[in-house]
Amino acid sequence: MRRNKWIFFLLGAFLAIKCCCFAVPEAIEEDLNLKSIFEINLPTEVRYLDIKSIHLGENDPDAILLIYSSEDVDPWCEAFFFPKDTLKIAVYTQDGTLLWSRDLGPGVIPGKQFCPVLAFDLDKDGKEEVWFINNVDQIHPLSLSGRRLECLNGSTGKTIGQWPWPDLTGNTQPMGQAHRNFILGGYVQEDPVLITAQGIYGPMFIQAWSNGMKPRWELRIGKDTPGARGTHKPKILDWNTDGIDELFWGERCINIDTGTEIFCADRDSYKGHSDIIDPFQDSATGKWYVYTCRESDLEASPRVVVFDDKGNRIWGRIKKGHIDQGWVANIGENRKLIATAIRIKDKHFLKDEDASHKGIEQFSFDAFTGEEYPLSFSTYYTEPGDINGDGYDEIMCKKSGEILNWQGKIIGKVKGRILEAGRYLDNPKLQVISYSLEGIVNIFVEDRD
């Protein structure tokens with residue numbers, strides 16, 4: 001039962017949003033009627049926010065796990081700054097009652113790459129635990145030897161266990177490589193598997209753990225090993241529908257049961273880091289594809305590529321450049337799947353602000369053929385999602401809080417900035433997460449049947 005819910009949560013965006021559908025309702029032309037079904041005023045300003053749904057037991061409704069700070073730090077040397085605030089973890093019930101909170105102290109730097117957090121039931125007791133990277137050396141926040149994988153009781157926040165975090169990148173690696181950490185979860189049939197990983201630009205290390213934190217397998221990908229590097233948002237899904245999940249680590253598809261590589265797309269022609277990995281499905285055939293946007297290895301071409309379910313290239317476009325953003329969504333005529341890409345010439349960070357880019361160029365293509373498909377609106381800092389259930393994706397503008405329809409018309413706006421869309425509360429509709437710098441977090445849904 002819990003596996004089904006986990007699959008639904010992970011793949012909802014792929015199956016419900018990124019499928020080429022036929023039996024779909026008529027397009028809804030009215031403006032959105034958004035209703036907040038959850039609001040919390042956090043006790044600090046918020047510039048870093050992550051959110052998870054957490055299952056606390058058979059008789060308890062799912063709760064909300066929030067990870068937040070007034071500062072968001074990136075380990076890249078040109079973006080890093082010494083934070084004055086700390087990272088907090090808190091669990092709230094659906095009615096907004098605080099169950100517990102924890103301040104991780106000065107040893108844990110706020111930011112997803114330093115401290116990823118996962119809600120996952122590894123011990124199969126029907127309750128999800130909270131997994132994160134702690135640092136037992138509170139004096140040295142950049143310590144590698146002090147890092148620990150820690151597991152908390154989801155209902156109380158009390159520590160269940162700690163294990164040394166694999167220190168394989170080494171202190172001779174650049175800081176932007178040594179502090180790229182990941183925690184994910186998937187399933188082999190009904191058995192949960194915890195995935196930990198380190199590094200995305202050079203050497204990369206991936207470990208799998210079974211119930212009781214028993215080592216299952218380890219994969220080491222050397223700096224000079226052929227094939228692509230990692231991505232900032234690895235994906236886990238049952239790619240070949242055999243009941244065993246796969247891990248998309250960059251353009252590598254890895255079986256999480258054994259750690260064996262199913263394929264490495266463009267193994268001999270691309271060795272760089274892919275900013276975006278976005279699986280999508282053709283519902284007419286059930287066939288999976290994966291869209292990738294490439295950042296580094298700038299001499300390699302093309303820069304955006306779609307591969308089939310065996311890792312064979314279907315099409316590639318854009319000859320050069322750093323592709324920093326992109327996604328696939330139903331925003332074309334007759335719900336056609338469109339792949340978007342943002343190319344940048346330069347990136348820099350200012351404290352308390354998002355990354356600032358120069359030389360922004362936008363591209364868009366038919367996701368199945370690669371033919372150009374011009375759009376009338378900007379996709380810069382946006383995320384797609386079918387909020388009103390009409391089969392077309394809406395486009396959520398993360399900075400302004402505005403929501404556009406597939407034609408680019410503004411049809412809604414939420415309070416503050418948009419973090420993401422997904423399913424978190426016991427509500428079948430796609431839910432939009434927003435937050436303000438003052439610390440107000442809302443979950444919105446379309447309030448129309």
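The values are calculated or read from the model by the stated rules, or taken from the named source; none is laboratory data. Note that the structure is a prediction, hence the values are computed from the model and not measured. In this analysis, Cβ positions are derived from the backbone assuming ideal geometry, glycine residues included, and neighbour counts consider all displayed protein chains. Areas reflect the complete protein model, heavy atoms only, side chains present, ligands, DNA and RNA absent. Shrake-Rupley method; radii C 1.70, N 1.55, O 1.52, S 1.80 Å.
Couple of notes before you dig in:
- For Cα extents along the principal axes in Å, the value calculated from this model appears in [x] 68, 51, 44; [y] 76, 74, 37; [z] 54, 51, 45 under label [z].
- Averaging the sequence gap over all C-alpha pairs within less than 8 Å and six or more residues apart, then dividing by the number of residues, gives segment 88-161 a relative contact order of 26 percent.
- Length-normalised contact order of the chain in % [C-alpha pairs under 8 Å, at least 6 apart]: 15 percent
- Legend: residue pairs K310/K347; K320/K413; K88/K345; K233/K347; K112/K345; K235/K398, Cα-Cα distance threshold 30 Å; pairs beyond threshold, K310/K347; K320/K413; K88/K345.
- Straight-line cross-link reach from K271 at under 14 Å between alpha-carbon atoms covers these aspartates and glutamates, not counting any fewer than eight positions away in the same chain: D224, E251, E295, D297, E299.
- Separation of segment 165-225 and segment 97-161, taken as the distance between their Cα centroids, equals 17 angstrom.
- Of all the options W131, W163, W327, the one that moves most in a Gaussian network model of the chain with Cα springs shorter than 10 angstrom is W163.
- Each pair of Cα atoms in segment 308-399 enters the Kirkwood radius, and Stokes-Einstein at 4 °C and 1.567 mPa s then converts it into a translational diffusion coefficient of 89 µm²/s.
- Solvent-accessible area, 1.4 Å probe, carbon plus sulfur percent, for segment 264-380: 45 percent
- Protection proxy ranking, peptides 331-343, 86-98, average beta carbon neighbours within 10 Å, highest first: 331-343, 86-98
- In Å², nearest 10: area of I360 left accessible to a 1.4 Å probe: 80 Å²
- Over segment 176-259: Rg over Rh, Cα atoms, Kirkwood Rh: 0.95
- For peptides 105-114, 307-316, sequence by mean Cβ density within 10 Å, most packed first: 105-114, 307-316
- Shape parameters for segment 44-119, alpha-carbon atoms, Rg then Dmax in Å: 13.7, 48
- The residues of segment 158-204 expose on average 38 square angstrom of accessible surface per residue, using a 1.4 Å probe on protein heavy atoms.
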